[in-house]
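Below: one structure, written as structure tokens.
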Amino acid sequence: MNKESEDCIFCKIASGEIPSQIIYQDEDVVCFPDVRPLTPVHLLVVPRKHIPSLAEMDAADAHLVGKMVRAANRVAREQGLAENGYRLTINSGPDAGQVVFHLHMHLMGGRRLEWKH
Ligand code: 5GP
Ligand code: ZN
């Protein structure tokens, strides 16, 4: 059993305790829709393991980020985004606007995205 954080919304979605549409899942990662989509396709890919942020990942977790990217690529293809492209984003810490402290990758696409800082 993976270590879960009791009050973590993404742990609860990943474990099924809070129901969500599940777009993709395997033994390590789960993909589900962002509750407040900013783009026509806006999904989140999370590890089942509770890791608070990218900055708090340790060496043993490194493979999980690879799995998250592979899952996102697969889902992007399935969602028809492969040709026009898509963006994968991980916000880490306050300056990046991280608000949920369970590592997650945004998969965004379906329209032309701006690049602003
Ligand atoms: P970040 O921490 O990377 O800034 O963004 C967290 C993202 O999680 C936001 O885009 C927000 O809309 C999404 N989010 C927050 N709470 C929930 C929730 O309970 N369910 C889902 N599906 N997404 C959520
Ligand atoms: Zn968690």
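Some values worked out for this structure:
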{"item": "P(r) of the chain over all Cα-Cα pairs, binned every 5 Å from zero, in whole percent", "result": "2, 11, 23, 25, 21, 12, 5, 1, 0"}
{"item": "In sequence order, calculated HN-Hα J values of segment 50-59 (Karplus, 6.51, -1.76, 1.60; Hz; x Gly/Pro)", "result": "6, 10, x, 7, 4, 5, 9, 6, 10, 4"}
{"item": "Candidates Asp26, Asp95, Asp34, ranked by Gaussian network fluctuation over the chain, Cα under 10 Å, top entry", "result": "Asp95"}
{"item": "The chain: most fluctuating residue of Pro52, Pro40, Pro94 per GNM, C-alpha cutoff 10 Å", "result": "Pro94"}
{"item": "Prolate/oblate/rounded call for segment 58-117, Cα gyration tensor, a/c under 1.5 rounded", "result": "oblate"}
{"item": "Positive-end residue, segment 1-64 charge dipole about Cα centroid, Cβ charges, pick of Pro40, Tyr24, His63", "result": "Pro40"}
{"item": "Estimated inter-spin distance, Asn91 and Arg74, nm [label 7 Å along Cα→Cβ]", "result": "2.7 nm"}
{"item": "Carbon and sulfur %, accessible surface of the chain computed with the full protein complex present, 1.4 Å", "result": "50 percent"}
{"item": "Total lysine pairs whose alpha carbons fall under 24 Å of each other in the chain (8 or more apart, or interchain)", "result": "6"}
{"item": "The chain - percent relative contact order, Cα under 8 Å, separation 6 or more", "result": "29 percent"}
{"item": "Per-residue HN-Hα couplings for segment 76-86 [Karplus 6.51, -1.76, 1.60; θ = phi - 60°; Hz; x = Gly/Pro]", "result": "4, 4, 5, 8, x, 9, 4, 6, 7, x, 7"}
{"item": "³J(HN,Hα) computed for each position of segment 103-109 - Karplus, 6.51 cos²θ - 1.76 cosθ + 1.60, integer Hz, glycine/proline x", "result": "2, 8, 10, 7, 10, 10, x"}
{"item": "Residues whose placed amide H lies under 5 Å from that of Arg48, excluding near-sequence neighbours", "result": "Val29, Val30"}
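The values are calculated or read from the model by the stated rules, or taken from the named source; none is laboratory data. Because the structure is predicted, anything quoted here is derived from the model rather than measured. Positions of Cβ are generated from backbone atoms using ideal geometry, with glycine treated the same way; all protein chains shown enter the neighbour counts. Protein only, heavy atoms only, side chains kept; ligands, DNA and RNA dropped before computing areas. Shrake-Rupley method; radii C 1.70, N 1.55, O 1.52, S 1.80 Å.
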